[in-house]
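The values are calculated or read from the model by the stated rules, or taken from the named source; none is laboratory data. Note that the coordinates shown come from a computational prediction; the quantities given were computed from them, not determined experimentally. Cβ atoms come from the backbone with ideal geometry, glycine included; neighbour counts cover every protein chain shown. For accessibility, only protein heavy atoms count, side chains too; no ligands or nucleic acids. Shrake-Rupley method; radii C 1.70, N 1.55, O 1.52, S 1.80 Å.
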Amino acid sequence: MRPLQAQIDLSALRHNLGVARGHAPQARTIAVIKANGYGHGMLRVAHALETADGFAVLNVGEAVALREAGFNQTILLLEGFFSAEELPTLAEYRLASVIHCPEQIEMLEMAGLPVKIDVFLKLNSGMNRLGFRPEAFGAALHRLQTARAAGRITLMTHFACADEAQGIAVQLACFDSLAAGLDAPRCLANSAAILRYPEAHGDWVRPGIMLYGSSPFADASAESLDLRPVMTLTSAIIGLQALQAGEAVGYGATFCAEQPTLVGIVACGYADGYPRHAPTGTPVLVNGQRCRTLGRVSMDMLCVDLTNVSDAGIGSPVTLWGKGLPVDEVAAAAGTISYELLCALAPRVPVTETHG
């Protein structure tokens, strides 16, 4: 068998949920498991996080799969429903929906449903993506309060810069000014706000990337936040090449050796989800020792510098990211973020579960 595999540590998932709850002990927790559980497997993640108060997903299909797997918690559709034809399914499966535009309210007003649908009314407090602008928020709330298909209403927003120096002050002030005096639960905090802004915890928090053991901050490591890596992507050396000074390796000959260099060929490439744009120098572990990638990542293989790795050879174990090598560090070297690496794990990569 090809040696590449992704190991998913279920105990790390549970630990990271505990970290989120420890920071927001008075709030209920909606675990964000969209994008196939950030590449970790949606149902696998949900079972590991079965004590969460709710789950957030992208579409009705994911939500129905959770219900049919036996999960009875709140299940929230983060972009809401896309057409009136979905509303009977929301009612049948007791799904909650974000409401972010007048068209969705009109669909609820016109719907004849056997039960009411719980809704999260989204304020555009400055993200300028989805949600009602402040001047339209009150009217939207009033319409929902009188819509025959709308059930419990939670007030919601999303922070654009909770992970940046700019912070959340302006957006939080906008939200607080509109929510003042309203008797409705509040749902504001993503991973970064959970960790740094207790004033934004409200009644529901929405941990996402922190659940998977990645830091939402560029200036703080996951380890410093007591977050444990959940996915460890491992492979092995499947080939060796001894380069002489002046010889190149890989497509485009983008790396040329300046001195004799031992190159290891790793069974992992961009078709597996490893970033093709990762440059020479991206960190890798071989035999538990740090080394660097060399040249351009291929579809099924990448090259690493084994010159200073002791006892390296065919079959030597390789860690692409995870335990011992934070995915945040690999992502930073590749000029991207951990979310992209984790979500990009290809279906062809075998996945195994571990418990610590």
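For the pair region 122-177 and region 251-320, the centres of their Cα atoms are 46 angstrom apart. Along the chain, the exposed loop sites are chymotrypsin sites (Phe, Trp or Tyr not before Pro) outside DSSP states H, G, I, E and B with at most 16 other Cβ atoms within 10 Å, and the longest stretch free of them is 94-356.
Calculate, for Y251 and D219, the FRET efficiency according to 1/(1 + (r/R0)^6) with r their C-beta to C-beta distance and R0 45 Å; round to the nearest 0.05.
0.80
Label sites at T280 and L130, each approximated as a point 7 angstrom past Cα along Cα to Cβ, lie 4.4 nm apart.
Calculated accessible area for the chain comes out at 43 Å² per residue, all protein chains present (probe 1.4 Å; ligands, DNA, RNA ignored). Which percent of the Cα-Cα distances in region 1-150 go past 27 Å? Within region 1-150, distances greater than 27 Å cover 31 percent of Cα pairs. Annotation for A169 and I314: the two label points, set 7 Å from Cα along the Cα-Cβ direction, are 6.3 nm apart. With a cut-off of 15 Å between beta carbons, the residues surrounding I194 carry a summed charge of 0, where Lys and Arg count +1 and Asp and Glu -1. Kirkwood analysis of the Cα pair distances in the chain returns a hydrodynamic radius of 22.0 Å. Between L320, L76, L243, the Gaussian network model of the chain with springs among Cα atoms under 10 angstrom shows the greatest mean-square fluctuation at L243. For the pair H355 and C101, label points projected 7 Å from Cα toward Cβ lie 4.6 nm apart.
Out of region 77-164, which GluC sites (Glu not before Pro) are coil in DSSP terms and have no more than 16 other C-beta atoms within 10 Å? Qualifying residues, ordered by number: E79, E164. Taking Lys and Arg as +1 and Asp and Glu as -1, the other residues whose beta-carbon sits under 13 Å from that of Q73 total 0.
Volume of the convex hull of region 145-302 (Cα atoms only), normalised per residue: 183 Å³. Of C187, C174, C343, the residue with the largest accessible area leads and the full order is C343, C174, C187 (1.4 Å probe).
At 1.4 Å probe size, with no ligands or nucleic acids counted, give the accessible surface of R196 in Å², nearest ten. Around 100 Å² of this residue is reachable by solvent. Segment L43..N72, full-extension length gain: 9.1 nm, with 0.36 nm per residue of separation and the alpha-carbon distance subtracted.
Restricting the trypsin sites (Lys or Arg not before Pro) of region 93-174 to loop positions (DSSP other than H, G, I, E, B) with no more than 10 neighbouring Cβ atoms within 10 Å leaves R129. Where Lys and Arg each count +1 and Asp and Glu each count -1, what net charge lies around T234 among other residues with Cβ under 12 Å from its Cβ? Taking every other residue near T234 into account, the sum is +1.
The apolar share of the surface of region 178-264, taken as the fraction of accessible area on carbon and sulfur atoms (1.4 Å probe, ligands and nucleic acids excluded), comes to 49 percent.
Kirkwood radius, region 247-303, all distinct C-alpha pairs, inverse of mean reciprocal distance: 11.5 Å.
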